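The values are calculated or read from the model by the stated rules, or taken from the named source; none is laboratory data. Note that the structure is a prediction, hence the values are computed from the model and not measured. Reconstructed Cβ throughout: ideal geometry from the backbone, glycine too, with neighbour counts over all protein chains shown.
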Amino acid sequence: MQVNRKGCFFLFSYKFINDIMKQIIMSAAAVALFFSSCTKDNQKLANDLEGTWVLSSASVAQAGQTTNLNQEEAQLALNMKEITFDDCKVKKDDCTGSVIGSDDQSSAFSYTVNDEGDQVTITDDEGDVTVANVISREDDAVSMSLDASEGGVTTTVTLNVTRK
């Protein structure tokens with residue numbers, strides 16, 4: 001009985017190459033799944049935010065005291081009546097939007113959404129950056145909190161907006 005060594009080598013090589021290709025394909029699929037899952041949450045938040053929202057109330061917390069503001073008080077104190085988030089594909093570029101102040105003046109901003117889809121970083125037209133943590137969101141209502149520090153004192157502002 002003769003053994004065809006050439007044929008055995010071919011079968012061994014084919015099986016070896018086939019196993020490596022399977023590993024490469026599985027690794028590529030895992031990487032693609034990882035990156036798509038990271039962007040799924042942030043695109044969902046961008047989609048949920050798309051549209052125009054009206055500031056309905058706010059609260060300001062500083063040094064252990066919280067002041068609740070109704071719609072009129074919040075709009076005057078924060079100089080914000082409405083905020084609009086434009087249609088956005090978060091993978092492609094920064095997203096855009098605009099704010100209409102209590103003085104009816106409009107100003108543009110850009111924003112990004114973190115991978116987890118729970119934080120929005122807004123850069124206004126003057127380059128000032130604000131990070132807003134999404135507390136809750138529903139079809140017609142969103143709550144976000146913003147922290148600002150000045151002179152060692154931190155102020156937390158919670159914004160409640162409703163879909164227009």
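Some points to look at:
- Given (1) loosely packed, with under 13 Cβ neighbours inside 10 Å; (2) more than 20 Å from the chain's Cα centre (by Cα); (3) of a type outside the set (F, W, Y); (4) farther than 14 Å from I83 by Cβ, index of the condition G127 fails: (2)
- Residue match in the stretch 147-157 (condition: outside any strand (DSSP E or B) and more than 16 Å from K44 (Cα to Cα)): yes
- Residue that is at pLDDT below 90 and under 26 Å from the mean Cα position of the chain (by Cα), where the choices are D19, D86, D41, D48: D41
- Residue check for Q65: more than 26 Å from N42 (Cα to Cα) and surrounded by fewer than 18 Cβ atoms within 10 Å (Cβ to Cβ): yes
- Within the stretch 68-91, if we keep just the residues that are touching a strand residue (DSSP E or B) at 6+ places or on another chain (Cβ under 9 Å) and of a type in the set (K, R), the residue that is surrounded by the fewest Cβ atoms within 10 Å (Cβ to Cβ) turns out to be K89.
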